[in-house]
Amino acid sequence: MAILTQVRDPRVQDVTVTRVEMDPDMRAATVHVSVMGSAAKEELALRGLASSAGFLQSQVAERIETRYTPRLKFKLDSGVKRSIEIARVLSEVLPAASSAAADASAEGPVAGPQTSAEPVGTVEGENREKPEELA
């Protein structure tokens with residue numbers, strides 16, 4: 001929340017924290033961020049976050065009670081951009097697939113194995129005893 005509301009660096013824009021990984025000794029934390037925009041904008045945002053790390057560490061220190069305040073390192077997380085790209089590709093592919101399915105349904109039912117309407121336990125009109133009836 002401090003990144004969104006309290007960091008005044010103009011380079012830090014359109015930044016979303018995706019996850020935080022703490023070192024086992026709790027002395028350092030890697031903050032994974034996603035930045036919407038070009039690669040140049042991502043690099044500027046990372047530099048702005050690195051220069052704001054001291055301020056953000058002080059904000060973390062006010063909110064948690066630990067012996068040490070973790071040192072913050074910022075790392076770019078490209079997972080969000082990748083998922084947006086995958087969604088775009090799927091949206092291009094899926095309408096073609098759904099229109100093919102609509103064409104197939106317009107042609108009529110697909111021929112396949114016929115199912116019998118006979119109840120379980122009958123074969124060609126003859127009654128067969130169910131296993132539980134044999135006992």
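Quick rundown of the values:
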| quantity | calculated |
| --- | --- |
| Scope region 1-11; condition closer than 14 Å to Ser51 by Cβ and surrounded by 14 or more Cβ atoms within 10 Å (Cβ to Cβ); matching residues | Ile3, Val7, Asp9, Arg11 |
| Members of region 61-72 found to be touching a residue at least 12 places away in the same chain (Cβ under 8 Å) and either surrounded by 15 or more Cβ atoms within 10 Å (Cβ to Cβ) or of a type in the set (Asp, Glu) (or both), listed by number | Thr69, Pro70, Leu72 |
| Pairs where the first residue, in region 1-27, is under 21 Å from Lys41 (Cα atoms) and touching a residue at least 24 places away in the same chain (Cβ under 8 Å) and the second is among the acidic types (Asp, Glu) and in a loop (DSSP other than H, G, I, E, B), C-beta under 7 Å, 6+ apart | Thr18/Asp77 |
| Residue match in region 32-52 (condition: of a type in the set (Gly, Ala, Ser), modelled with pLDDT under 90, closer than 19 Å to Ile84 by Cβ and in contact with a helix residue (DSSP H, G or I) (Cβ under 9 Å, 6 or more places away or on another chain)) | yes |
| Positions within region 1-59 being closer than 19 Å to Gly79 by Cα and among the hydroxyl-bearing types (Ser, Thr, Tyr), in sequence order | Thr16, Thr18, Thr30, Ser34, Ser38 |
| Matching residues, region 12-54, being touching a Lys or Arg at 6+ places or on another chain (Cβ under 7 Å), charged (D, E, K, R) and buried (at least 17 other Cβ atoms within 10 Å of the Cβ) | none |
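The values are calculated or read from the model by the stated rules, or taken from the named source; none is laboratory data. All values reported here derive from a predicted model rather than from experimental measurement. Every residue, glycine among them, receives a Cβ derived from its backbone with ideal geometry; neighbour counts consider all protein chains shown.
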